[in-house]
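Here the structure comes first, spelled out in structure tokens, and everything after it is commentary.
The values are calculated or read from the model by the stated rules, or taken from the named source; none is laboratory data. Nothing here was measured: the structure is a model prediction, and the numbers come from that model. Because the Cβ atoms are built from the backbone with ideal geometry, glycine has one as well, and the counts that use them run over all protein chains shown. These area figures cover heavy atoms from the full protein model, side chains too; ligands, DNA and RNA do not enter into them. Shrake-Rupley method; radii C 1.70, N 1.55, O 1.52, S 1.80 Å.
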Amino acid sequence: MLRKRSLRTGTAPRPRRRLRVLLLVVLLVTTWYLFGQAPAPQLALSIAPDGIGPEAQVTAVASEPRFGLSSVEVILRQAGEQRVVAAEKYAPRSLLWPWGDKTARSSVTAEVGHRRQSWLVDGEAEVVVRATRHAGRWRQPAPSEQLQVVTVQVTPPRLEVLSVGVRVRQGGSEAVVYRVGERAVRHGVRAGDHWFPGSSLAGEAGQFFALFSAPWDDDRGDSLRLTAEDALGNRAEVPFVDHFTPKPVGTSTIQLSDRFLERVVPPIVARVPGLEPLETPLATYLEINGRLRAENRARLVELGAQSAEAFLWSEPFLPFPGGQVMDAFARRRDYRYQGSTVDQQVHLGYDLASVARAEVPAANAGRVLLADYLGIYGNVVVLDHGYGLLTLYAHLSSLEVATGQTVTRGQTLGRTGTTGLAGGDHLHFATLLRGLPVDPLEWWDRRWIETHLGSKLGPNLPLGMEAR
Ligand SMILES: [Zn+2]
């Protein structure tokens, strides 16, 4: 009755209708807010490296821009074992202020690997990322999940020493032949910070050799390891040195006179960019003998990395003809000035004196890696002989070869002189393996080359034949 009338008159009912519409809207919004479902959180999952070895990192990125994330967890499972390896929880938005802060996106990182999860075994494992978002208040939506199957590798690559009679002297060189499994991606000899990579042995599948040195500053030889590593970081290490002979570092004294400093310091300062003279000639000298020496050595390591994967030589190394030994390899030098020791460095080559401006022959066939001025070495020639072996000729007065050029054994490289840190006209001769100075004595000796390299490398070492 009432309703009819109001319809008829059309006055009083309008606000009621509005009220009903309003109530309906409120009901719909409330229902949507309380029970409405937003899309589940989005997930992305990545693993580096591409599998699980001793150490790997799982990164999960989750996003839910509407209500915000509630939790993210990373689970690792294999062969009945299951562990949460990372978990995060996020606070919801304020009930009173639904436009407030929320976590719309989060990146969660889990450290995994058989070093942490010792229950992992070779085979496949599952990495699961699970994320939940905050509910439309009452209703918790189902979590999002993403699963990735990954390879787990616990066993290191196979590594087997084939050489018998690996005998090395402190500061000396040696070769080792070994076999590695196909999984190995990096193998060779490690000696502390020094690395001597292996090269394949022609005609012998899976067999490799490395030329290496027992570093001159390791008097126990216990830093030497034959190693092989797979792409996931599993590393095999085997002992391989049958005999190590210590050769203690000798000592010598260098007297620094003002006359000497005045003669050698200004030409080096003039040639080396960025080297400024300090308050006294001695201070500048110490800068050259310390910092510049270290820089120059680092350059030789860089050059060592450019070595050819081939023996460029086929005869023993030539000594400097008529050269009188002024100082030998691996001698600790005390630098004395006005009665006190002002510096200490180790001399890592041979100082050989003949007549002034004597011709300097290439010790062996090779390629010129550097023919230029290089700090403490003055005018220097660096030759590559292959497989990481370099020879260096320093303090030259003139250069007769150019970088990149191929040279024959005995070819004149230049003439002796006093450039760089040289007390008088002489040749500083050094041999280096992958940038590490080694004693040249062995390389001058045909018998040593035959017994240490020839016996292990067989026809791979082209000794006694013309290489080219
Ligand atoms: Zn020297």
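Please determine, by comparing only the residues of segment 407-417 that are free of Cβ contacts under 8 Å to residues at least 60 places away in the same chain and not small (Gly, Ala, Ser), which one is farthest from the ligand (Cβ to nearest atom).
This residue is 408.
Got a sec? Which of 275, 348, 261 is open to solvent by less than 30 Å² (accessible area, probe 1.4 Å) and either within 16 Å of the ligand (Cβ to nearest atom) or not assigned by TED's automatic domain parsing to the domain that holds residue 452 (or both)?
348
Among the strands (runs of 3 or more DSSP E) lying completely within segment 126-179, list those that include at least 3 residues that are surrounded by fewer than 19 Cβ atoms within 10 Å (Cβ to Cβ) and within 32 Å of the chain's Cα centre (by Cα).
Strands (runs of 3 or more DSSP E) meeting the threshold: 144-152.
Using the structure shown, decide if residue 435 is away from the ligand (no atom under 16 Å from the Cβ), assigned by TED's automatic domain parsing to the domain that holds residue 266 and in contact with a His (Cβ under 6 Å, 6 or more places away or on another chain).
So residue 435 does not fit the description; no.
When only residues in segment 196-206 that are modelled with pLDDT of 95 or more and part of a strand (DSSP E or B) count, which is nearest to residue 458 (Cα to Cα)?
Filtering first and then ranking leaves 199.
Filter segment 333-345 down to residues that are in contact (Cβ under 8 Å) with a residue 12 or more places away in the chain and more than 14 Å from the ligand (Cβ to nearest atom) and give me whichever is most open to solvent (accessible area, probe 1.4 Å).
Looking at residues that are in contact (Cβ under 8 Å) with a residue 12 or more places away in the chain and more than 14 Å from the ligand (Cβ to nearest atom), I get 344.
Answer yes or no: is there a residue in segment 120-131 that is acidic (Asp, Glu), in contact with a Phe, Trp or Tyr (Cβ under 7 Å, 6 or more places away or on another chain) and more than 25 Å from residue 99 (Cα to Cα).
Checked against the condition, which is being acidic (Asp, Glu), in contact with a Phe, Trp or Tyr (Cβ under 7 Å, 6 or more places away or on another chain) and more than 25 Å from residue 99 (Cα to Cα), segment 120-131 yields no hits at all.
Check residue 355 against each of (1) within 16 Å of the ligand (Cβ to nearest atom); (2) open to solvent by 20 Å² or more (accessible area, probe 1.4 Å); (3) touching a residue at least 24 places away in the same chain (Cβ under 8 Å) and name the one condition it does not meet.
If we test residue 355 against (1) within 16 Å of the ligand (Cβ to nearest atom); (2) open to solvent by 20 Å² or more (accessible area, probe 1.4 Å); (3) touching a residue at least 24 places away in the same chain (Cβ under 8 Å), just (1) comes out false.
Among the residues of segment 314-332, which ones are within 33 Å of the chain's Cα centre (by Cα) and either at pLDDT below 90 or within 16 Å of the ligand (Cβ to nearest atom) (or both)?
The answer is 328, 329, 330, 331, 332.
What is the number of the single condition among (1) of a type outside the set (A, V, I, L, M); (2) open to solvent by less than 40 Å² (accessible area, probe 1.4 Å); (3) free of Cβ contacts under 8 Å to residues at least 60 places away in the same chain that residue 266 does not meet?
The number of the failed condition is (2).
Out of curiosity, is residue 360 aliphatic (A, V, I, L, M) and surrounded by fewer than 18 Cβ atoms within 10 Å (Cβ to Cβ)?
It is false that residue 360 is aliphatic (A, V, I, L, M) and surrounded by fewer than 18 Cβ atoms within 10 Å (Cβ to Cβ).
Out of 133, 139, which single residue is at negative phi, at pLDDT below 95 and out of contact with any Pro (no Cβ under 9 Å at 6 or more places or on another chain)?
Of 133, 139, the one residue that is at negative phi, at pLDDT below 95 and out of contact with any Pro (no Cβ under 9 Å at 6 or more places or on another chain) is 139.
With the requirement that a residue be among the polar types (S, T, N, Q) and over 35 Å from the mean Cα position of the chain (by Cα), what does segment 55-89 give you?
Listed by number, the residues that qualify are 63, 70, 71.
Return yes or no: is residue 360 modelled with pLDDT of 95 or more, within 16 Å of the ligand (Cβ to nearest atom), of a type in the set (A, V, I, L, M) and assigned by TED's automatic domain parsing to the domain that holds residue 293?
Yes.
Here are some conditions: (1) under 23 Å from residue 121 (Cβ atoms); (2) free of Cβ contacts under 8 Å to residues at least 40 places away in the same chain. Residue 208 meets all but one. Which one does it not meet?
(1)
For segment 179-205, which residues satisfy the criterion of being hydroxyl-bearing (Ser, Thr, Tyr) and in contact (Cβ under 8 Å) with a residue 60 or more places away in the chain?
199
Which residue is nearest to residue 184 (Cα to Cα), if the candidates are limited to segment 209-255 and must be in a strand (DSSP E or B) and in contact with a Phe, Trp or Tyr (Cβ under 6 Å, 6 or more places away or on another chain)?
226
Taking into account only those residues within segment 367-395 that are charged (D, E, K, R) and free of Cβ contacts under 8 Å to residues at least 60 places away in the same chain, which is surrounded by the most Cβ atoms within 10 Å (Cβ to Cβ)?
367
In segment 208-238, which residues are more than 30 Å from residue 331 (Cβ to Cβ) and at pLDDT below 95?
238
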